[in-house]
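Chemist: Sharing a structure here in structure tokens format.
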Amino acid sequence: MSEFTYYKNWQLMVDEENIVHLSIDKLDASTNVLSSDVMRELDLALAEIKATQPRGLLIDSAKSNGFIAGADVAEFKQIKTRDQAFEFIRYGQGILDKLEALPFPTVSLIDGFCVGGGLELALACRYRVATEDSRTRMGLPEVKLGIHPGFGGTMRLNRLIGGIAAMDLMLSGRTVQARKAKKLGMIDHLVPKRHLLTAGLNMIKDQPEQQKLSSLKALASNNSISRLMLARQFRKQVAKHAKQNQYPAPYALIDLWQNHVSSDSDMLTAEAESVAELVISDTSKNLVKVFFLQERMKALGIEKDYMTNKKNPGHIHVIGAGVMGGDIAAWCVVQGFTVTLQDQKPELIAPALKRAKKLFTRKFKQKHLLMSAFDRLHPDHNGLGIEKADIVIEAIVEDIDIKQDLYKAIEPRLKADAILATNTSSIELEALSSCLKNPQRLVGIHFFNPIPKMQLVEVVSGENTEQKTIDRAITFVRRIDRLPLPVKSSPGFLVNRILMPYLLEAVELLVEGNSAETIDQAATDFGMPMGPITLADTVGLDICLSVATILGEKMHISVPEKLQQMVKQNRLGKKNRKGFYDYDDKGNPIKTPGNIKERPTALLADRMVLRILNESMACLREGIVEDTELLDAGMVFGTGFAPFTGGPMNYLNHRGREATLQRLKDLEETHGSRFKPDPAW
């Protein structure tokens, strides 16, 4: 050790066989990221290591939670110009080029996450060995930050596994578990964690031939003709989910890949030029903002330690085995909890068990993990699990009287320290808790459908909710890998309250004679992931009417007669294949493209989005959520509000408050009081 410089972020050791062990351990950080200082030290370390001519080099992590989580996103905010970005990216590329060029075997030992710049570093090594643990995941998710890989990942991953597989990973931004990565050819060996070091040492000693792309895969994607044809298909696929003016990164990646077939060095230069342009764009800045909003919500439950730890999960009891209750129960099981699921009759629980089986089969590929999940989910129509539960989650019909009858029946059976949580989507907790002898234990834990996909969970506190109960609920939400959003009890809370005027305005546009297809197109053109008419059908028109009625009574929001008529006609949406749209046997809406009129659909989007902005201002005025950033987070992660804008309030700041206020006043004159600016303006 004495022959090497001391590094703050790296640990360096030479064993008795002259093999260097280089471990990343970023100073004062819980997670390893490739910050500027980490990269500078890596550059110096590689120069020193090369000078000693060791037998080989092993690179691993000294932190237990993973390998490297990519670049330090916080430093993105410091980049002001394209030239500044280009210089830093080229510097990073140069360091990984030096790693790749070392004249002795280099091995990355991967346990846990290995994403972004972390994977790019691993790709620059001669070999990669990973643990078979399900938490070991690999990928290049940079498109989610409005850029694409910049430290050589576009070139090296393509060279290793072929363009089709590499572009699929980079364009989607998804990560894959280690078993899938091995199948794709991203890693050389998959081993139990206890054998990771031994496997790495053996790679250095044996020096097996490096993995090479098969001639068939090379022919399929590594010539100019195939890339031209494939690039057209990639653009078509990307266009289904992202518009180029809103999300330029995937399109820039396709151009880069298509135009640089024969020269790795030219591709690296072009990669740096492309990322340098993207990282200073509004889209990237806004997506970075969204990233930090997510990190803020993740951190909310870290210091709260009221729940049992993950190694000894607590007991959850869910009452109501409908779509919401059944899926809440299944998701808690996936996250390691033991769950009892209650409904009035066993046959009402059966559909939930069937859905749970599909989820478990998708999540657990190893048989023992799958069987363990089945063992943790218990149908319990008699409610015997109530007495054992740390949290009882009520997910029954949205009716205050029925909910209160249930509470009065189960309260005497609850453990003294058990939480009673309601999944109500709109009813105020003060009203629900009025029947309880111990109202401070009631908290809202409001999930969004579909539960396996929607990250946001509103944690709702009423006037009587004890702070300890709120903290425990937040911790629980983080323990099930969801993002907790603390909100104050109020009709519709935050997300549904803001979303409902948007949906109702879409119905008003229908009444005015616009087709459902035109309205949906206007919203998706703005950047929404789904049109409001399709969304209303997906949620269920009966549920929309119920929430709208509750909000209407409390907040003087008018409910369009059209919505009431649809429910009376039993047109409830996707659930019974007839709503504003009719649905085929696979649950897909039957749309008529010809119904999209040649008209300025941006004006339609403006009306719907302004209802969102006005209601957002009202929620901030009433203190429903702590600040504008959490409001933006709630709407991005709870509704998919155009992430490239950074959320409603960020979009409002960009659009201009004075101009937006004047637009509201103009719409009020034309369309009535529903556009009246909130006093918050």
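Nothing in this text is a laboratory measurement; each read-out follows from the coordinates by a stated rule. What you see is a predicted model, and the numbers here were worked out from it, not measured in a lab. Virtual Cβ from ideal backbone geometry, glycine too; neighbours counted across all protein chains shown.
Chemist: Which whole-number percent gives the relative contact order of the chain, counting Cα pairs below 8 Å spaced six or more residues apart?
Modeler: The value is 8 percent.
Chemist: Additional query: Note down the net charge around residue 429, summing +1 for each Lys or Arg and -1 for each Asp or Glu among other residues with Cβ under 13 Å from its Cβ.
Modeler: With Lys, Arg at +1 and Asp, Glu at -1, the neighbours total -3.
Chemist: Compute for segment 603-643: radius of gyration divided by Kirkwood radius, i.e. Rg/Rh, restricted to C-alpha atoms, rounded to two decimals.
Modeler: 0.99
Chemist: Let me ask you something else. I'd like the per residue volume of the convex hull spanned by the Cα atoms of segment 10-280, given in cubic angstrom.
Modeler: Here the figure is 122 Å³ per residue.
Chemist: Any chance you could check the Cα centroid distance between segment 337-358 and segment 481-538 for me, in angstrom?
Modeler: 30 Å
Chemist: Label the chain by shape, choosing from rounded, prolate and oblate, from the square roots a ≥ b ≥ c of the eigenvalues of the Cα gyration tensor; if a/c is under 1.5 it is rounded, and otherwise prolate applies when a/b is larger than b/c, oblate when it is not.
Modeler: prolate
Chemist: Please compute the net charge surrounding residue 233, taking Lys and Arg as +1 and Asp and Glu as -1 over other residues with Cβ under 12 Å from its Cβ.
Modeler: +4
Chemist: Next up: Dividing the convex hull volume of the Cα atoms of segment 340-488 by its residue count, what figure in Å³ per residue is obtained?
Modeler: In segment 340-488, the Cα hull volume divided by residue count equals 116 Å³.
Chemist: Taking only Cα atoms, what is the 0 to 90° angle, nearest 10, from helix 628-639's long axis to the longest principal axis of the chain?
Modeler: The helix 628-639 is inclined about 90 degrees to the chain.
Chemist: Which angle from 0 to 90°, rounded to the nearest 10, does the C-alpha axis of helix 601-622 make with the longest principal axis of the chain?
Modeler: Taking Cα atoms only, the helix is inclined about 80 degrees.
Chemist: Here is a further query. Take the Cα atoms of segment 500-613, build their convex hull, and give its volume per residue in Å³.
Modeler: 98 Å³
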